[in-house]
Amino acid sequence: MRFEEVRLENFKPYGDAAVSLSDGVTVIHGVNGSGKSSLLEACFFALYGSRALEGTLEDVVTNGEEETLVELGFVHEGVSYRIERRLREYGDRTDHQCTLEGDDGTTRDGARAVRRFVTELLRMDAEAFLNCAYVRQGEVNKLINASPSERQDTIDDLLQLGVLEEYRERAGDARLGVEDVLNAKRAILDEREERIERLEGKDLHATLNELESELGDVDEEIDHYETQREQAETTREEAERLLEEHEEKRDRLAEIEGDLEELEGTIREAESERETRREEIAEARERIETLEDEIDERAADADIEGADTGAIGVDAEAVEARREELEERESTLRGEREEAVTAATGFENQANNLETKAEDLAERASEAESEAERASERAEEAGAEVEERESRLAELDEEAGNLADAFETSDLDRGDAATRLEELRERRGDVRERVAELETELRNARERLEEAEDLLEAGKCPECGQPVEESPHVDAIDDRRERVDELESSLEEAKESVGSLDEEIGAVEDLVEAEERLAEIETTRELLEERIAETREEADRKREEAEKRRERAAELRSEAESTREIAAEKREAAAEANARVETLEEQLAEIDEIREGLNAIDDRLDRIDDLETEIERLRERRETLAELNDERRERLAEKRERRDELREAVDEDAIESARERKRNAAEYLENVAEELDRLGERRDELQSRIGGVKGEIRTLETLRSEREDLAETVAALESVHEETSDLESMYGELRTELRQRNVRTLERMVNETFDLVYGNDAYSHIELDGDYDLTVYQKDGEALEPEQLSGGERALFNLSLRCGIYRLLAEGIEGAAPTPPLILDEPTVFLDTGHVARLVDLVEEMRKFGVRQIVIVSHDEELIGAADDLLSVEKDPRTNRSTVTRAEPGVAGATPIESGD
């Protein structure tokens, strides 16, 4: 798996950047805080989302921005994938959208789905990625500082051995589950055996025969008593029927006597109502006369023809004729009033519009005067700006002259300082490398001299360790002393050369800064000259604008005065029209009063018609009541005859005999009911006991069947329990065996790597036990814990371990492991100059092992020199935005890849 391209928008210090990553060693360099590590963090974030962040999603959004975009393109097993993550802030929350697409048709939507897919694709989650391929800044000693158990879990997970432990745990859980089920089934089987034994001891079939025989005897007694009860019920029913007939006759007699009283009362009420209706007819005639008098009075007020002829001289036709005359007059008046209202409204609207227009003109005049004043003020401000910028221009000219003087005293021309600075830095790097080599060589020479002097003092040859008398090489110690002196002299000269180069580089750096400042001054000067010309033009334009605004204000005020005069004339015309409207409304009010009188006459004529109709209805009601009373008197005579017949039909002796038979039958039924209840309860009890015995027999048969099934189940569970126990042991043994294999291979690879990067006689080898506990052995056999090493040695030790794990993943699974790029973020933090050279060797060795892509963040010149691809990160202090540039390793200058905002 390898990265191809990462694109950023508003991610931490980056505004807009796109970086392509190639095979081989890519070094990202730049000053501290420029944003180097943010590029690697963006790749990690693209793969695993929020799990890859030490902070929150809000922390990665560039300050002042609301939306962030991260795109990562990578290739895995021949398939190209592209992940896009987009963050957008909404108030106090951050929306996270994520998609993944592959050229094989693979698609995933959502942060969780993409993270799950990447984890399955690479066979490692975010934590495993950090432990295998990504050495973050400050975490170079993470594995070495971990406890043995943490280191064991980490490496097992990377090598997929954690899956075997998971399988072993699952098998153990399954074994425990089978044990629980087996014990439960055994307990149920024992319980079934006990119940079967208990039921078999009851002799259930003999008990069932006895109960069924007793039940037959009870059923016969019940049938006998039920027959006697039916005969008694028949006798009681016949007696009840005779009594009911007698009661019906008596009820009918009482009913008829009641009807007689009701008919007599109804006849009396009808006669009283006829008298009341006669009185109501007299009252209605008196009310008609009153209404006719009121009609004559109102007809005179309404000026109706015939009103002076007396009562009934005015009819509905005369009222309607008068109403039509009023409607014609009202229509004419309303038309005239409408015309007057329209005229008044028109004059009012015209007056209001003219007054509004006058006010608007006055306001526009005031605005024009204010704008003229503002234009004049802006013209004065522009003049002041011109003077200020001309002063600034003079200051820049003076500063440029002072900076140009620096090149007069130097042997460099303007434009050559940057090239000279790069050459001096390369020379200083070479000399520093020479200093490191001399220091190492001097240290080794001193150690050899000390060993020779110790041997010589002990009476042995410093070359071969033999006694001095037998050795021809005793004088070689003087050569070693001379070599130490030569190295010390050379080292001193090299350090002096570094100091001289530092001084020269400082002077050239000042010239480079002068060149950059001169370029800025020239750019600023051109900008100021353009601004001065623009400001002068603006001042002239504002003065002309102010004069035009004043002239326009005078014109608007004159027009406003003329408009007010016309508005006053319209207001007077509106007042005259409103007076005419008032006169017409008074005339219309008089017509409304006459119309109300006509309505009153109509109302009274209608009421007279209603009263005459009511009189006719009352007459008909009196006649109807007379006819009804005649019919009631005939029914009264008939009911009196029926009453006499019913009185003769009642036989009291027959009624008493029927009551006696009913009492005797009821007494027998009460006694037989108690006996039947007792026998019924006994029958129910016997049936219940029979049902219980039959249920126990069925239960016994069911229990015997369940016992057979449970016995088979227990036997099967015992077999499964044995199988799960074997499976649990197999997974544990397999993990132990595979771990031992990996430990041996990993120990070999770590020793190979450590020998390469730490070619020193001080240590013999590294030992890794079955629990991944690490021990370092010195040449003399003394064991050391990794924590006892120096900072640089401990860092190299941990890098050796990390690279060994990476090699084991790549080689131990025969290329099937999806090893990602090897990423080292500031690995030289704890390394001195000599150890950095060993780290360069380690990187080169990893390339030989087949690692296709290595990405390193560092500002160390040795690592930069070993790069196949070089990326430089810089941050603009004015905008606080980072940019990435690419350059050929070892070639001065760089080409911007894509700049941030």
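A short reminder: the numbers here are calculations on the coordinates, not readings from a lab. Note that the coordinates shown come from a computational prediction; the quantities given were computed from them, not determined experimentally. Glycine also receives a Cβ, built like all others from the backbone with ideal geometry; neighbour counts cover every protein chain displayed.
For this structure, a couple of remarks:
- Our coupling estimate for region 210-218, obtained by passing each phi through the Karplus curve with A = 6.51, B = -1.76, C = 1.60 and θ = phi - 60°, is 4, 5, 5, 5, 4, 5, x, 4, 5 Hz, Gly and Pro reported as x.
- Note that region 495-510 has calculated 3J(HN,Hα) couplings of 5, 4, 4, 4, x, 4, 5, 4, 5, 5, 4, x, 5, 5, 4, 4 Hz, one per residue in order, obtained from phi through the Karplus relation 6.51 cos²θ - 1.76 cosθ + 1.60 (θ = phi - 60°); glycine and proline are x.
- The magnitude of the dipole of the chain, with charges of +1 and -1 set on the Cβ of Lys/Arg and Asp/Glu and taken from the Cα centre, is near 4360 debye.
- Shape category assigned to region 1-120 from the gyration tensor of Cα positions, a/c cut at 1.5: oblate
- Matching label, Cα extents along the principal axes in Å computed from the structure shown, candidates [x] 121, 68, 61; [y] 181, 132, 45; [z] 187, 71, 68: [y]
- Here's the picture: charge each Lys and Arg Cβ at +1 and each Asp and Glu Cβ at -1 in the chain, and of Leu211, Leu703, Leu47 the one pushed furthest to the positive end of that dipole is Leu47.
- Principal semi-axes in Å for region 229-297 [√(5λ), Cα gyration tensor, largest first]: 64, 13, 4
- Seen from every direction in turn and averaged, the convex hull around the alpha carbons of region 541-685 projects onto 43.0 nm².
- Magnitude of the charge dipole, region 612-719, Cβ model with Lys/Arg +1 and Asp/Glu -1, debye to 20: 180 debye
- Stokes-Einstein diffusion for region 167-261, with the hydrodynamic radius set to the Kirkwood value over Cα pairs and evaluated at 20 °C in a medium of 1.002 mPa s, equals 97 µm²/s.
- From least to most packed, judged by other beta carbons within 10 angstrom and beginning with the fewest, Cys98, Cys132 follow the order Cys98, Cys132.
- Point-charge dipole on Cβ atoms (K/R +1, D/E -1) for region 664-779, about Cα centre, debye to 20: 340 debye
- Cα-based shape type of region 255-398, given that a ≥ b ≥ c are square roots of the gyration tensor eigenvalues and the cut on a/c is 1.5: oblate
- Sites excluded, GluC sites (Glu not before Pro) in DSSP loops with at most 11 other C-beta within 10 Å, longest stretch of the chain: 78-781
- Among beta bridges that DSSP assigns inside the chain, antiparallel share in %, nearest 5: 75 percent
- 3J(HN,Hα) along region 478-489, derived from phi through the Karplus expression 6.51 cos²θ - 1.76 cosθ + 1.60 where θ = phi - 60°, amounts to 5, 4, 5, 5, 4, 5, 4, 4, 4, 5, 5, 5 Hz, with x in place of Gly and Pro.
- Top positive-direction residue, dipole computed over the chain with Cβ charges, set Ala600, Leu69, Ala637: Leu69
- For region 320-374: rounded, prolate or oblate by the Cα gyration tensor [a/c cutoff 1.5]: prolate
- Lys/Arg +1, Asp/Glu -1 at C-beta; the chain dipole; positive extreme among Thr107, Gly429, Gly30: Gly429
- Taken over region 342-457, the alpha-carbon convex hull comes to 333 cubic angstrom per residue.
- Each of the trypsin sites (Lys or Arg not before Pro) that DSSP puts in a loop and that has at most 12 other Cβ atoms within 10 Å breaks the chain; the longest unbroken stretch is 1-778.
- Taking 7 Å steps out from each Cα toward its Cβ at Glu660 and Glu54 produces label points 12.1 nm apart.
- The chain - mean residue ellipticity at 222 nm from DSSP helices (-39,500 (n - 2.57) per run, n ≥ 4, rounded to 500): -26500 deg cm²/dmol
- Label-point separation, Glu706 to Arg116 (7 Å along Cα→Cβ), nm: 4.3 nm
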